[in-house]
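The values are calculated or read from the model by the stated rules, or taken from the named source; none is laboratory data. A quick note: this is a predicted structure, and the numbers were derived from the prediction, not measured. Neighbour counts are summed over all protein chains in view; Cβ atoms, including those assigned to glycine, are modelled from backbone coordinates with ideal geometry.
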Amino acid sequence: MKAVIQRVQHARVEIDGAVSGQIDQGILVLLGVAHEDDHAKAGRLLQKILNYRIFADDAGKMNLNVQQVGGGVLVVSQFTIEADTRKGLRPSFTTAAEPAKAEALYDYFVDETRKAYDAERVQTGRFAADMQVHLQNDGPVTFILEV
């Protein structure tokens, strides 16, 4: 399981012109699911995301996590993160989980995020939808997390 996380000042997801989810300060999570992923990996990735220290403390150092700053978490499914780009000029998606499994793990990840953190601060896109993601990256600060 892989995630691209971005520290944002604000972010929102629109589907067909309607806002599906939006947050102010927090983390935008672009989530990819691979064939071998399972609930255990989802849980480890979630704990890493919620505890990853990417927000500044009073001294300006990245020492605080999203929970400590009371930030939002916007989770967006993105199967292209699992692309194999090592060869050629066209990505291969052979490592990405099939849609039914990916959706189930995405839903599980979102449910577990809402249980582990303030459910009102957790927003989402919609699995497999054509989404427009708007964000103001803060820093910019972007990390790729894998478990």
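For the subset of the stretch 11-27 comprising residues that are free of Cβ contacts under 8 Å to residues at least 24 places away in the same chain and part of a strand (DSSP E or B), which member is surrounded by the most Cβ atoms within 10 Å (Cβ to Cβ)?
V19
Hey, among the residues in the stretch 72-96 that are assigned to a loop (DSSP other than H, G, I, E, B) and in contact (Cβ under 8 Å) with a residue 24 or more places away in the chain, which one's farthest from H134 (Cα to Cα)? Break it down stepwise before answering.
Applying the first criterion (assigned to a loop (DSSP other than H, G, I, E, B)) to the stretch 72-96 yields 78, 83, 85-91, 93-95.
Pick out the ones that are also in contact (Cβ under 8 Å) with a residue 24 or more places away in the chain and you get 78, 95.
Details: Q78: 15, T95: 27 Å.
Among residues in the stretch 72-96 that are assigned to a loop (DSSP other than H, G, I, E, B) and in contact (Cβ under 8 Å) with a residue 24 or more places away in the chain, the one farthest from H134 (Cα to Cα) is T95.
Would you pick out the residues in the stretch 99-118 that are touching a residue at least 40 places away in the same chain (Cβ under 8 Å) and either part of a helix (DSSP H, G or I) or closer than 18 Å to K41 by Cβ (or both)?
K101, A102, L105, Y106, Y108, F109, E112, T113, A116, listed by residue number.
Is it true that A34 is farther than 22 Å from K115 by Cβ, among the small types (G, A, S) and either in contact with a Ser or Thr (Cβ under 9 Å, 6 or more places away or on another chain) or at pLDDT below 95 (or both)?
Yes: the conditions hold for A34.
Determine if the stretch 123-134 includes at least one residue that is farther than 26 Å from A18 by Cβ and either in contact with a Cys (Cβ under 8 Å, 6 or more places away or on another chain) or surrounded by fewer than 12 Cβ atoms within 10 Å (Cβ to Cβ) (or both).
no
Yes or no, residue by residue, for (1) aromatic (F, W, Y); (2) under 15 Å from V33 (Cβ atoms):
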site: V75; (1), (2): no, yes
site: K87; (1), (2): no, no
site: A97; (1), (2): no, yes
site: A104; (1), (2): no, yes
site: F109; (1), (2): yes, yes
site: E112; (1), (2): no, yes
